[in-house]
Amino acid sequence: MTETTAPMAGVAMTAIGVAVIRARESARPDRLYDDPLASRFVEAARRFYTATPDGALRWERLEALADKFFEGRTVGVRLVDDRMNEAVEAGCRQIVVLGAGLDTRAFRLALPANLRFFEIDLPELFAFKEPVLAAANPTPRCIRAVIPADLRENWSEQLRARGFREQEPTYWVEEGVLGYLGGETALRVAATLTELSAPGSRFGAGRFRVDRSQEHYAELGRLVGGEHDHPDRVPGSFEQDAEQWLAAHGWRTSFRSWDELVAPLDRPVTNGDPDIGLIEAVRE
Ligand SMILES: C[S@@+](CC[C@H](N)C(=O)[O-])C[C@H]1O[C@@H](n2cnc3c(N)ncnc32)[C@H](O)[C@@H]1O
C-alpha cells in the first residue's frame, strides 16, 4: 500500500474532486470515457483523509461537492478528450496541460509515442500524484513530463528545461484552472503561452456564465479556503474577455455552443443558451 500525503486544503484538493467525478463516470455502463487510474487516486486520498475525524468530514464534503458538479464536469472531460484527439489527428505532437491535477490522458488516450506531454501543477499536487502513479505503474502512451510550478510565477523556463519546443505547434489544455487564478494572472498565463505558441498551436477557453453565488460554489470556496480567493482575483476575468483577447493577440478564434458540443453525448446537460460554449483558438 502506498503511504502518501494528499492535499487536504488549498486549490490542489479540487483535483481530487475531479478524480472522484472521473472514477464515477468510469464505473458507469454508459461511460463517456474510461479512466481506471482515477479510482486509484480516489482510494489513496480517501485512506489519507479518513485517517482523522476532521479529514473524514472533509472527505464527505468533497464527495458531496463532486456530486453537485458531476453532470456538467464529466461531460467536460469528454469534450477535452475529443479536442485533444482532434489536435493529434491534425498533427500536433506537443501538449501542455495547465493545472493538470490528476489528469491521466498521457496514459489513457491513444497518443503517438513521439508526442511530448507536459503537465503543469503545484508541487503539492505532484507530491500526491506521482507516488500513486508509481504504485500503479501504468505505461505512458507518449513522452510524459511533469512540471511542479506555480502558474502565478515564471513557469516557462522549467517547461523549456524539460524539453518543450516552442518552434513546434502546441495544444494547450485549460480545464478548470484559469478560473482559480484571477483575471490578471490568467491573462499573464495567456500572454506567456501565446509567446510560446508556434503557428498552428491550439488553445481553448470556455465562455460560461458561472454564478459564483450559488451554494455549491460557496461551499467549494469554504472547503478549499485561502488560495481560492487570491488577492488579484478581479472581476472581468479571462473567461469573460477571452475571445477578444485571443483575437487581439494573433489567435484565430471560433466558437461552438455547449449544446452543440454535448448533443451527441446523450446526457441531460443542455442549457438552451447559444452563447455558452467553447472558444477554440488557433495561432496564426
Ligand atoms: C479543478 S482542478 C482541475 C484539474 C484538472 N485540470 C482536471 O480537470 O482534472 C484545478 C487544478 O489547478 C491547479 N492549480 C490551481 N492554481 C494553480 C497554480 N497557481 N499553479 C499551478 N496549478 C494550479 C490545482 O492544483 C488543481 O490541480
Quiz item: Given the Cα atoms of segment 152-197, and with Rh set as the inverse mean 1/r over their pairs in the Kirkwood sense, what is Rg to Rh to two decimals?
Solution: 0.96
Quiz item: Can you give me the pair-distance distribution of segment 75-180, C-alpha pairs, 5 Å bins, whole percents?
Solution: 2, 12, 23, 26, 22, 12, 2, 0
Quiz prompt | Point-to-point label distance, S156-T192, nm (Cα→Cβ direction, 7 Å offset) | solution = 0.9
Quiz item: How far, in nm, would the chain grow between D67 and N85 when pulled straight, counting 0.36 nm per residue and subtracting the alpha carbon separation?
Solution: 3.7 nm
Practice problem: State the percent of C-alpha pairs, over all pairs in the chain, separated by a distance greater than 32 angstrom. | Solution: 20
Quiz item: Going by the alpha-carbon gyration tensor, a ≥ b ≥ c the square roots of its eigenvalues, is segment 237-284 rounded (a/c under 1.5) or, if a/c is not under 1.5, prolate (a/b greater than b/c) versus oblate?
Solution: prolate
Practice problem: Give me the net charge of P264's neighbourhood, meaning all other residues with Cβ under 15 Å from the Cβ of P264; Lys, Arg count +1, Asp, Glu -1. | Solution: -2
Quiz item: Among S254, S201, which comes first, second and so on when ranked by fewest other beta-carbon atoms within 10 Å?
Solution: S254, S201
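Every read-out reported here was derived from the displayed coordinates using simple, explicitly stated rules and does not represent laboratory data. The structure presented is a predicted model; accordingly, all values stated were derived computationally and were not measured. Note that each Cβ is placed from the backbone with ideal geometry, even for glycine, and that neighbours are counted across all protein chains shown.
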